[in-house]
Amino acid sequence: MAPDFPERPLIAVKFHRCRFVRFKVGACWTVQQALDEHGIEYENVIEPTYPRGKRQDVIEHTGQHYLPAIEFEDGAWYREESKAMAETIRAGRLMEKASAPIP
Ligand SMILES: N[C@@H](CCC(=O)N[C@@H](CS)C(=O)NCC(=O)O)C(=O)O
């Protein structure tokens, strides 16, 4: 169940997304909407459109090239299908994804 108050991140969040910030469609918009609704502040990181191989940071940390992806200050990254990401955010569970894996 979603909490009654917006989720306030304890650590900073970077939102790696496509460049179509103004278009209210697509996977990045789906997740952005959930972040905004939930009052989560984030820094937009616009990833290159083509070639996809240029998204080196995304590929390195998520193992694939699709967007969006969320990077936490502690070094953890979170990427799932956008609908699942939006559900996680709306459930108030985003910060559970923030614990960086033990190297
Ligand atoms: N089914 C995926 C689609 C993700 C997706 O297509 N994201 C777009 C950005 S909104 C993207 O990465 N486009 C560039 C590409 O296809 O390489 C999801 O919902 O997360």
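The numbers here are math on the coordinates, done by the rules we state, and not lab data. Source: prediction; values computed, not measured. Glycine also receives a Cβ, built like all others from the backbone with ideal geometry; neighbour counts cover every protein chain displayed.
Structure data summary
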{"read-out": "The stretch 74-87: number of residues that are of a type in the set (A, V, I, L, M), closer than 15 Å to Cys18 by Cβ and assigned to a loop (DSSP other than H, G, I, E, B)", "value": "0"}
{"read-out": "Enumeration of residues in the stretch 65-81 that are more than 9 Å from the ligand (Cβ to nearest atom) and not hydrophobic (A, V, I, L, M, F, W, C)", "value": "Glu71, Glu73, Asp74, Gly75, Tyr78"}
{"read-out": "Test: residue in the stretch 63-76 that is free of Cβ contacts under 8 Å to residues at least 40 places away in the same chain and crowded, with 20+ Cβ neighbours inside 10 Å", "value": "no"}
{"read-out": "Members of the stretch 21-51 that are among the small types (Gly, Ala, Ser) and out of contact with any helix residue (DSSP H, G or I) (no Cβ under 9 Å at 6 or more places or on another chain)", "value": "Gly39"}
{"read-out": "Total residues in the stretch 22-62, condition within 13 Å of the ligand (Cβ to nearest atom) and exposed (fewer than 11 other Cβ atoms within 10 Å of the Cβ)", "value": "7"}
